[in-house]
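Report on one structure; see the data block that follows.
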Amino acid sequence: NAVSTKMAPLSQAVVAGSNTLFFNEDLLFQVGDELVVPDTQEGLNVGHWNFPTIDNYRDQTETCKIVAASDNQVFCEATFEHDHSIGSNVAYTTRSVVIR
């Protein structure tokens with residue numbers, strides 16, 4: 001699968017309960033591909049990765065298994081439990097290896 005990027009920013013915020021991701025361009029994602037949407041909670045200092053020590057912290061990183069993709073939209077198998085900010089870099093994690 002020749003996707004155009006391994007990281008791509010969201011062009012619209014993700015609202016909890018939705019299952020759709022929007023990007024600025026068609027990234028050639030396919031059904032079955034997997035993406036990771038980062039934790040974007042307000043007030044976290046992601047530069048230091050120290051937020052797991054914050055009282056009552058709950059990781060809000062989520063995954064998306066693609067069930068449909070059209071132009072700049074990706075539809076995920078499950079709905080998101082958390083909101084995710086516009087501009088968050090979504091990671092393409094599907095890999096394929098050919099051994100010959």
Inset, instruction - Being aromatic (Phe, Trp, Tyr) and not in a loop (DSSP other than H, G, I, E, B) is the filter; apply it to the stretch 72-100 and report the residue that is surrounded by the most Cβ atoms within 10 Å (Cβ to Cβ). - result: Tyr92
Inset, instruction - Output the residue which, of all residues in the stretch 2-35 that are open to solvent by 40 Å² or more (accessible area, probe 1.4 Å) and not in a loop (DSSP other than H, G, I, E, B), is farthest from Thr61 (Cα to Cα). - result: Phe22
Inset, instruction - Tell me, please, whether a residue that is at pLDDT 90 or above, part of a loop (DSSP other than H, G, I, E, B), among the acidic types (Asp, Glu) and on the phi < 0 side of the Ramachandran plot can be found in the stretch 48-71. - result: no
Inset, instruction - Please list, ordered by first then second residue, the pairs with beta carbon atoms under 8 Å, 6 or more apart or interchain, first in the stretch 25-41 and closer than 15 Å to Cys64 by Cα, second of a type in the set (S, T, N, Q) and not in a loop (DSSP other than H, G, I, E, B). - result: Glu34/Thr63; Leu35/Thr63; Val36/Thr63; Val37/Thr63; Pro38/Asn89
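The values are calculated or read from the model by the stated rules, or taken from the named source; none is laboratory data. This is a predicted model, so every value here is computed, not measured. Note that each Cβ is placed from the backbone with ideal geometry, even for glycine, and that neighbours are counted across all protein chains shown. Accessible surface is based on the protein model in full, side chains and every heavy atom, while ligands, DNA and RNA are left aside. Shrake-Rupley method; radii C 1.70, N 1.55, O 1.52, S 1.80 Å.
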